[in-house]
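Note sheet for the following structure.
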Amino acid sequence: MVFGQVVIGPPGSGKTTYCNGMSQFLSLIGRKVAVLNLDPANDALPYECAINIEDLIKLSDVMNEHSLGPNGGLVYCMDYLEKNIDWLESKLKPLLKDHYLLFDFPGQVELFFLHSNARSVINKLIKKLDLRLTAIHLVDAHLCCDPGKYISALLLSLSTMIHLELPHINVLSKIDLIESYGKLAFNLEYYTDVEDLSYLQHHLDQDPRSAKYRKLTKELCDVIEDYNLVNFSTLDIQDKESVGNLVKLIDKSNGYIFSSIDSSAIEFSKIAAGPLDWDYYRTLAVQEKYMEEAEKAEKDDKM
């Protein structure tokens, strides 16, 4: 089995930065990582790219040839990729033996809750190549500072979860910058746990732009709460412990943690024993995790 992440989210949410930081973290703990750029508009890649969609199709060429704007061009590119999925499969096959995959997708949100092409690409890869993928949906944490934008982010997250039908983790990215955007109406746990959205109603009513949509907003909040699917993890990509905690969630969601308990213990022993240029885990967190894995492995051996 091959494991990996499908990295999605609105423009500016930090997908490419996430792929760069996550690939460094996973490499540090001993995983061979391959990052696949499937965003034809992303022409400034900070990471080493194993597969680049621009080798198949370029957004600028599509826009010029078909007189399309950026949004229409991206839809066209995803349609083209779906029809030429054999190209992507052939590029992926050499990586399947021993690589962990990171798929860096475009930021056009319509691709993930309205159009079917991106979902079809992902599903075909999962079925043909036996992939175990988790969708990582990044949302800029500054949206928590505006109740209306926060509810919009919740709706987008819910729609994307239902549309993709993958193990799914919603992430508030750039959490280290949230204080610079303004004071939150509630503590951070309120926004991550997504409980009782009626508390936001008062703050929405203070904004004359939102007051006239009071009934609509209430109905939308009811939809979100009725599904009871959306919550958020937080991420500071520069904080090694924050990245590590997210990796734990991802490994549980796609089953990586169960694929080899022994190899998992080895990964964490590398962190505990080796010198690090980038100290991803604080010492205490490393020791606790390593001891946890060692104790579990010992119990399994006795059974």
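Run down ASP176, ASP222, ASP226 and say which single residue is more than 23 Å from PHE113 (Cβ to Cβ) and either at pLDDT 95 or above or of a type in the set (D, E, K, R) (or both).
ASP176
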Report summary line: Every listed condition ((1) farther than 21 Å from GLN5 by Cβ; (2) modelled with pLDDT under 95) holds for ASN84 save (2)
Query raised in the report: So which residues in the stretch 85-106 are open to solvent by less than 50 Å² (accessible area, probe 1.4 Å) and either within 21 Å of SER157 (Cβ to Cβ) or not in a helix (DSSP H, G or I) (or both), if there are any at all?
Result: LEU96, HIS99, TYR100, LEU101, LEU102, PHE103, ASP104, PHE105, PRO106
**Report entry** Search result, residues across the stretch 146-193 that are under 22 Å from GLY21 (Cα atoms) and under 14 Å from the mean Cα position of the chain (by Cα)
**Finding:** PRO167, HIS168, ILE169, ASN170, VAL171, LEU172, SER173, LYS174
Requested in this report: Give the stretch 224-241 a look and list any residue that's within 17 Å of HIS137 (Cβ to Cβ) and part of a helix (DSSP H, G or I), or say none.
Outcome: ILE224, TYR227
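From SER263, SER233, which residue is surrounded by fewer than 20 Cβ atoms within 10 Å (Cβ to Cβ), among the small types (Gly, Ala, Ser) and modelled with pLDDT of 95 or more? Reasoning before the result, please.
On the way: SER263 fails: modelled with pLDDT of 95 or more.
That would be SER233, the only listed residue that is surrounded by fewer than 20 Cβ atoms within 10 Å (Cβ to Cβ), among the small types (Gly, Ala, Ser) and modelled with pLDDT of 95 or more.
The values are calculated or read from the model by the stated rules, or taken from the named source; none is laboratory data. Remember, it's a predicted structure, so these values are computed and weren't measured experimentally. In this analysis, Cβ positions are derived from the backbone assuming ideal geometry, glycine residues included, and neighbour counts consider all displayed protein chains. SASA here: full protein model, heavy atoms, side chains in, ligands and nucleic acids out. Shrake-Rupley method; radii C 1.70, N 1.55, O 1.52, S 1.80 Å.
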